[in-house]
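What follows is calculated from the coordinates using simple rules that are stated; it is not laboratory data. Values in this document were obtained by computation on a predicted structure and should not be read as measured data. Cβ coordinates were reconstructed from backbone atoms using ideal geometry, including for glycine residues, and neighbour counts include every protein chain displayed.
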Amino acid sequence: MNDNDILVLGATGKTGRRVVRGLRAEGLDPRAASRSGDVRFEWERADTWKPALTGVRAVYLVAHDDPAFAPPFVDLAVAAGVRRFVVLSGRGIEASRAAGYSLGMAEAERAVTASGAEWTLLRPNNFNQNFDEDDLWREPLRRGRIALPIGDVPEPFIDVEDIAEIAVSALTTDRHVGEVYELSGADDLSWRGAVEVIAGAAGREIRYEELTPEQYRTELAAGGVPPVFIDVLDGLFALHRAGHTAQLADGVRRALGREPVPFADWAARAAAAGAWT
Ligand SMILES: NC(=O)c1ccc[n+]([C@@H]2O[C@H](COP(=O)([O-])OP(=O)(O)OC[C@H]3O[C@@H](n4cnc5c(N)ncnc54)[C@H](OP(=O)(O)O)[C@@H]3O)[C@@H](O)[C@H]2O)c1
């Protein structure tokens, strides 16, 4: 094993940059790849794939939304000598795929499990970090009001640090080969409850408001969100309302032998870093 034979896609993103950091902490020198990463990788430009893959043994795969890209990429990777894939997917992936969403992740799962290489599938709930690292929710929280169409259906949000720790272990040890990890956080929270925890951690008033799906679409459009993204959010919230991601899962405990990071611990950390002030 060479110290630079792990390719991390989405390496500037919420999970990928933590996977890179975790691998570096183990003394490895992963290839941190994306359009703006250290290693140039662009899904829409297949000529960037092979240079990124040359000499690579294992790939952390963050798929493109377009399901056309993962199968030829996985084929090329295996032909180039890749022996292991760790795929970032999502909770409720079967229901999402059936509804016509998350097709890129679903196709990445299918391609790696049919590839003959070793694989691990990570299926996390919504990330805690959507609230502090993604403007879609961070900005409304900073303004003191977040409005969503979700009711009291629970969502056991997960700390991305847990996902990255599992990915690092799956890339560097043999313990997770062939595992499908359903990854939730530790808390049986509603979205409203999550906002209350965040408000408490931030030490300020943040109002949660319930919208109908139609009102939500209207608010997103008024905020300049592109129609195609509005359709995706609408579809994903419909899946959440149907309860496809609502149950606590044991993946973090199975993979790491410990409980997931509590939501309140993450919120305290994010608030201390100034996320909502
Ligand atoms: N957020 C959630 O709650 C959640 C839950 C479950 C699953 N997921 C899945 O997680 C995935 C996103 O992962 P993430 O949150 O770690 O990443 P992220 O923060 O959304 O960042 C996306 C990453 O992909 C790279 N990227 C974007 N477009 C690209 C392209 N055309 N070619 C190559 N690289 C590209 C970006 O870097 P550059 O801009 O430098 O290219 C960046 O590194 C999605 O598939 C999502 O469905 C998310």
Read through the list (1) within 30 Å of residue 246 (Cα to Cα); (2) among the polar types (S, T, N, Q); (3) touching a strand residue (DSSP E or B) at 6+ places or on another chain (Cβ under 9 Å), then give the number of the only condition that residue 34 fails. (1)
Given the criteria away from the ligand (no atom under 14 Å from the Cβ) and closer than 24 Å to residue 2 by Cα, does residue 76 qualify? yes
For residue 114, all conditions in the list (1) in contact with a helix residue (DSSP H, G or I) (Cβ under 7 Å, 6 or more places away or on another chain); (2) of a type in the set (A, V, I, L, M, F, W, C); (3) surrounded by fewer than 17 Cβ atoms within 10 Å (Cβ to Cβ) hold save one; what is the number of the exception? (1)
Within the range 111-160, take every residue that is part of a helix (DSSP H, G or I) and within 12 Å of the ligand (Cβ to nearest atom) and give me the one that is nearest to residue 246 (Cα to Cα). 128
Could you list, in sequence order, all residues of the range 1-55 that are within 21 Å of residue 130 (Cα to Cα) and among the hydrophobic types (A, V, I, L, M, F, W, C)? 8, 9, 11, 19, 20
When residue 125 is run through (1) more than 20 Å from the chain's Cα centre (by Cα); (2) buried (at least 19 other Cβ atoms within 10 Å of the Cβ); (3) under 30 Å from residue 203 (Cβ atoms), the failure sits at (1)
Any residue in the range 238-252 that is over 18 Å from residue 151 (Cβ atoms), under 19 Å from the mean Cα position of the chain (by Cα) and acidic (Asp, Glu)? yes
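Residues are listed down the side, and each one gets a yes or a no for (1) in a strand (DSSP E or B); (2) among the β-branched types (Val, Ile, Thr); (3) surrounded by fewer than 21 Cβ atoms within 10 Å (Cβ to Cβ); (4) over 16 Å from the mean Cα position of the chain (by Cα):
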residue	(1), (2), (3), (4)
7	yes, no, no, yes
12	no, yes, yes, no
20	no, yes, no, no
23	no, no, no, yes
27	no, no, yes, yes
32	yes, no, no, yes
36	no, no, yes, yes
48	no, yes, yes, yes
56	no, yes, no, yes
Considering residues of the range 137-169 that are free of Cβ contacts under 8 Å to residues at least 60 places away in the same chain and out of contact with any Phe, Trp or Tyr (no Cβ under 6 Å at 6 or more places or on another chain) only, the residue surrounded by the fewest Cβ atoms within 10 Å (Cβ to Cβ): 152
For the range 44-73, how many residues meet the condition of being more than 9 Å from the ligand (Cβ to nearest atom), more than 22 Å from residue 121 (Cα to Cα) and basic (Lys, Arg)? 1
Inter-residue pairs, beta-carbon under 8 Å, first over 19 Å from residue 46 (Cβ atoms) and within 16 Å of the ligand (Cβ to nearest atom) and in the range 3-15, second of a type in the set (Ser, Thr, Tyr) and in a loop (DSSP other than H, G, I, E, B), 6+ apart: 12/36
Qualifying residue in the range 31-43 (condition: under 21 Å from residue 122 (Cα atoms), in contact (Cβ under 8 Å) with a residue 12 or more places away in the chain and acidic (Asp, Glu)): no
When only residues in the range 79-93 that are closer than 16 Å to residue 127 by Cβ and in a loop (DSSP other than H, G, I, E, B) count, which is nearest to the ligand (Cβ to nearest atom)? 90
